[in-house]
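Each remark here refers to the structure printed beneath this line.
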Amino acid sequence: MKDYQVVGIGNALVDVLCHESEAFLAEHGIGKGVMQLVDRNRAAGLYAGMGPSVEVSGGSAANTIAGLAALGARTAFVGKVKDDQLGAIFAHDLRAQGAAYEVPMAPASAEAETGRCLVLVTPDGERSMNTYLGVSEHLRPEDIDEGLMSRAEWLYLEGYRFDGAGSHAAFARAIAAARGAGGKVALTLSDPFCIRRHRDAFARMIRQDVDLLFCNRAEICEMFGADFEAALAAASAQVETVACTDSENGAHVLQGGQRWHVAAVPTRIVDATGAGDLFAAGFLWGLVNGRAPEACARMGNLAASEIISHLGARPEADLRALFSAHGLG
């Protein structure tokens, strides 16, 4: 048995969540429902104009790892923060969930700050993210502990972390260490705009190194072609397992020439932030516990439904109890 069931690598961010109107998005030139990268000055200007907010540790892969840790999985996370107030919040919150987090902080003297994501939630529950990556952007190969990677059953990589000069090399080092020790690799595509920025790198990694691909409808169509069915077929021809969410239409899982469709869990959406992250957490929890693909997807949908029922991307309910209540104990 390996020390860790899942080790995640991604952006280490603190989410600053606020309910805002469609008019606020238009006034500030914010694209609805997508993630936009912003610099420190833009982040400061938006923050000044926002209403009352809630600060919650976030980051896509970090949310997945936190969800897995809350379920009882043996997890660790790799992502950079600064020795500042938000960095301390991030590290404390992740460790409090039960995940290992031992990445050295950037010194307080560093120019860049801990990354933050300004999440504007409109009345329909959709989230529009404005991300200042800060020191999280500077993940480099030397930040990758090859010994840690070799002790993981699964390496979970966040597509958003492809933004950054050293990140591709850092991912390559992590993949080599994990696969060299018999581990497997999961990748989440994260966002259509992220795919456009790094299409060739994504394609190469998927073709050569990925065993499990997480995505949603927009992402898989951006990566493999506009037609959804054709995109699913193309992805499954390259990857052992594809887990694709489709909003209120549930999720599709393809593996070994078989396909399962699992219905969504009817939920009143308060904040869609983290839905895909917690779907991945539920799915991976099922996977590392030997569950069949359809059961994994059901767990993913249940975890996603819990997250979108409240503000923030970290679980508030007992996910294992939720699974058990639906016959997935």
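Yes/no per residue for (1) touching an Asp or Glu at 6+ places or on another chain (Cβ under 8 Å); (2) crowded, with 22+ Cβ neighbours inside 10 Å:
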{"site": "Ala112", "(1), (2)": "yes, no"}
{"site": "Thr122", "(1), (2)": "yes, no"}
{"site": "Gly125", "(1), (2)": "yes, no"}
{"site": "Ser136", "(1), (2)": "no, yes"}
{"site": "Arg140", "(1), (2)": "no, no"}
{"site": "Glu146", "(1), (2)": "no, no"}
{"site": "Gly159", "(1), (2)": "yes, yes"}
{"site": "Asp163", "(1), (2)": "yes, no"}
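With closer than 30 Å to Leu328 by Cα and assigned to a strand (DSSP E or B) as the only criterion, which of Gly8, Gly67, Gly98 stands out?
Gly8
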**Message:** Pull out all pairs, ordered by first then second residue, where Cβ-Cβ is under 8 Å, the residues are six or more apart or on different chains, the first lies in the stretch 1-26 and is within 30 Å of Arg179 (Cα to Cα), and the second is among the β-branched types (Val, Ile, Thr) and surrounded by fewer than 21 Cβ atoms within 10 Å (Cβ to Cβ).
**Reply:** Gln5/Val288; Val6/Val288; Ala12/Val103
**Item:** Conditions (1) assigned to a helix (DSSP H, G or I); (2) in contact (Cβ under 8 Å) with a residue 40 or more places away in the chain; number of the one not met by Ala186
**Value:** (1)
**Request:** Could you check how many residues of the stretch 70-126 are under 25 Å from Gly282 (Cα atoms), in contact with a strand residue (DSSP E or B) (Cβ under 6 Å, 6 or more places away or on another chain) and polar (S, T, N, Q)?
**Result:** 1
**Request:** Would you please name the residue that is least open to solvent (accessible area, probe 1.4 Å), looking only at residues in the stretch 286-310 that are farther than 17 Å from Leu68 by Cβ, in contact with a strand residue (DSSP E or B) (Cβ under 9 Å, 6 or more places away or on another chain) and not acidic (Asp, Glu)?
**Result:** Pro293
**Fill in**
When the stretch 178-200 is checked residue by residue, the ones that are under 17 Å from Tyr156 (Cβ atoms) and among the aliphatic types (A, V, I, L, M) are Ala178, Ala181, Val185, Ala186, Leu187, Leu189
**Request:** Could you tell me which residue of the stretch 64-114 is nearest to Gly159 (Cα to Cα), considering only residues that are of a type in the set (S, T, N, Q) and modelled with pLDDT of 95 or more?
**Result:** Thr64
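A quick yes/no check of all residues on (1) closer than 30 Å to Val288 by Cβ; (2) aliphatic (A, V, I, L, M):
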position: Met1; (1), (2): yes, yes
position: Tyr4; (1), (2): yes, no
position: Asn11; (1), (2): yes, no
position: Cys18; (1), (2): no, no
position: Ala23; (1), (2): no, yes
position: Ile30; (1), (2): no, yes
position: Met35; (1), (2): yes, yes
position: Arg42; (1), (2): no, no
position: Leu46; (1), (2): no, yes
**Message:** List pairs: first residue in the stretch 236-249 and at pLDDT below 95, second residue crowded, with 24+ Cβ neighbours inside 10 Å anywhere in the structure, Cβ distance under 9 angstrom, at least six positions apart or on different chains.
**Reply:** Ser247/Ala275
**Asked** Hey, among Ala218, Ala226, Ala231, which residue is more than 17 Å from Gly282 (Cα to Cα), open to solvent by 20 Å² or more (accessible area, probe 1.4 Å) and part of a helix (DSSP H, G or I)?
**Response** Ala218
**Asked** Which residue, of Ala226, Ala231, is out of contact with any Phe, Trp or Tyr (no Cβ under 7 Å at 6 or more places or on another chain) and closer than 27 Å to Gly31 by Cα?
**Response** Ala226
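The values are calculated or read from the model by the stated rules, or taken from the named source; none is laboratory data. All figures in this text were calculated on a predicted structure; none of them were measured in a lab. A quick note on method: Cβ atoms are made from the backbone with ideal geometry, for glycine too, and the neighbour counts reach across all protein chains shown. For accessibility, only protein heavy atoms count, side chains too; no ligands or nucleic acids. Shrake-Rupley method; radii C 1.70, N 1.55, O 1.52, S 1.80 Å.
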